[in-house]
Amino acid sequence: MSPVREAALAATHRRIVDAAAELFGRDGYRATTLAAIAGAAGVSVPRVNLSGSKPALLVEAYELRAGGSSELRPISREPEMAAIMALPTEEAFAAYAAWLPRTHARSAGLWFALREAASTDPEARTAFEETEARNLTSCRDAVAFARSRDLLTGDTPDEDRARIWNLLTRADTFQLLVGDAGWSHERFAAWVLRALRAQVFDLADADGATPPHS
């Protein structure tokens, strides 16, 4: 296959995935049909089928919106997050606080669609379980990062810290506070940092918006 043909096929596939992402995120899994995806992408239904099954398209759309690539790996291992974790402590948490609501804004609807699909589709269920496991792995990485910067106090087990971190930063927590309660991204980010200080780092004084210097 010529490079031009390969590039054209890749561009069509990406257009299909982008269309799927918009529809799944807006309308949910059941309401989004392959015909609707085809119409939004400007292609035929058979061409959509060549790009993957309905659950496969949902999974790829979520991975692209949440992590920036279609590779199945924890967010903490993505280049953008790796760059954030390489920053000095205060800069790293400021960058993380800005990244979190921005990422949820483009991917939370797809997370809910994937959870919806998991209730009826075995392929989607497996993907959702893998997604949840990867998110927890990312939180374990985040706790390890905090420990490496001497940010953790108290005797809470690190596994508990990771699970609390996951609870505070999940897509459904974001939806509850930003989507339902109308919080701004800035308010959500500041709340997350305060909650991390109090609930994960075990700091007695949780009034500050950023973690302490390492």
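The values are calculated or read from the model by the stated rules, or taken from the named source; none is laboratory data. A quick note: this is a predicted structure, and the numbers were derived from the prediction, not measured. FYI the Cβ positions are ideal-geometry reconstructions off the backbone, even for glycines, and counts take in every protein chain you see. Side chains included, ligands, DNA and RNA excluded: accessible areas come from the protein's heavy atoms. Shrake-Rupley method; radii C 1.70, N 1.55, O 1.52, S 1.80 Å.
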Search result, residues across region 112-138 that are among the hydrophobic types (A, V, I, L, M, F, W, C), open to solvent by less than 50 Å² (accessible area, probe 1.4 Å) and free of Cβ contacts under 8 Å to residues at least 60 places away in the same chain: ALA118, PHE128, LEU136
Name the residue, out of VAL48, VAL43, that is of a type in the set (Val, Ile, Thr), part of a helix (DSSP H, G or I) and in contact (Cβ under 8 Å) with a residue 24 or more places away in the chain. VAL48
State whether one or more residues within region 26-44 are open to solvent by 30 Å² or more (accessible area, probe 1.4 Å) and within 26 Å of LEU167 (Cα to Cα). yes
Just the residues that are open to solvent by 30 Å² or more (accessible area, probe 1.4 Å) and among the aromatic types (Phe, Trp, Tyr), please, taken from region 177-202. TRP183, TRP191
GLU78 in contact with a helix residue (DSSP H, G or I) (Cβ under 6 Å, 6 or more places away or on another chain) and either open to solvent by 20 Å² or more (accessible area, probe 1.4 Å) or free of Cβ contacts under 8 Å to residues at least 60 places away in the same chain (or both): yes
Would you check which residues across region 159-180 are of a type in the set (A, V, I, L, M) and under 19 Å from SER107 (Cβ atoms) and list them? LEU167, LEU168, ALA171, LEU176, LEU177, VAL178
How many of the residues making up region 147-176 are open to solvent by 40 Å² or more (accessible area, probe 1.4 Å), more than 17 Å from ALA66 (Cβ to Cβ) and of a type in the set (S, T, N, Q)? 2
Scanning region 12-57 residue by residue, those more than 27 Å from ALA108 (Cβ to Cβ) and among the small types (Gly, Ala, Ser) turn out to be SER44
Going residue by residue through region 68-75, is there one that turns out to be modelled with pLDDT under 90, open to solvent by 60 Å² or more (accessible area, probe 1.4 Å), charged (D, E, K, R) and under 21 Å from ALA127 (Cβ atoms)? yes
When residues of region 127-154 are limited to those that are β-branched (Val, Ile, Thr) and more than 17 Å from the chain's Cα centre (by Cα), the one nearest to LEU193 (Cα to Cα): VAL143
Considering region 87-111 alone, what residues qualify as being within 20 Å of the chain's Cα centre (by Cα) and open to solvent by 60 Å² or more (accessible area, probe 1.4 Å)? ARG102, ALA105, ARG106
